[in-house]
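K.L.:
Let me begin by handing over the structure; questions about it come next.
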Amino acid sequence: MAIKDWENKIIKGSQFNAFNYDQDSLDNKIYPYAMVCFVIDEKTMIAVGSDPESPKDFMSKNSSNHFMVDFSIAPKNMLTMQGQKTVYYAKRIN
C-alpha cells in the first residue's frame, strides 16, 4: 500500500507495533524523540511521537484510539531500526 492510500484513512492505535527514536536527535546528543510506528512498505513508515511516555506505554494506552496521517507535516528521511525510511507522521483524532 502506498502512502497516498493512507490519505484520510483512519489508523487504529493497535496498528502501531514497533518503536523508533529519531536518529538525528541521538547523533546530536539531544533527548531522543521517541515514536511508535509501523512499516507500510520497504521504504515508508507511519509514526506518532510518544513523548513523554515510553513507546511501550503509549502503544498500550492508545491501542483503541484513532489516528490519521498528518500530511501538513513534511515527511522525514531517517535511519530507523528497520533501515532507511521515509517517515510520515500521524496525529490522534477524536
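The values are calculated or read from the model by the stated rules, or taken from the named source; none is laboratory data. Small disclaimer: the values here were computed from a predicted structure and weren't measured. Cβ placement follows ideal geometry from the backbone for every residue including glycine, while neighbour counts extend to all protein chains displayed.
K.L.:
Which ones in the stretch 78-94 are surrounded by fewer than 12 Cβ atoms within 10 Å (Cβ to Cβ) and modelled with pLDDT of 90 or more?
P.N.:
Applying the first criterion (surrounded by fewer than 12 Cβ atoms within 10 Å (Cβ to Cβ)) to the stretch 78-94 yields 81, 83-84, 93-94.
Once the filter is applied, which keeps residues that are surrounded by fewer than 12 Cβ atoms within 10 Å (Cβ to Cβ) and modelled with pLDDT of 90 or more, the stretch 78-94 yields Gln84, Ile93.
K.L.:
Out of Ser72, Ser54, Ser60, Ser64, I need the residue that is at pLDDT below 90 and of a type in the set (Ser, Thr, Tyr). Which one?
P.N.:
On the way: Ser72 fails: at pLDDT below 90; Ser60 fails: at pLDDT below 90; Ser64 fails: at pLDDT below 90.
None of the other options fit; the residue is Ser54.
K.L.:
Quick check on my filter: what residues within the stretch 1-38 are buried (at least 16 other Cβ atoms within 10 Å of the Cβ), at pLDDT 85 or above and either touching a Cys at 6+ places or on another chain (Cβ under 8 Å) or part of a loop (DSSP other than H, G, I, E, B) (or both)?
P.N.:
Phe16, Ala18, Phe19, Asn20
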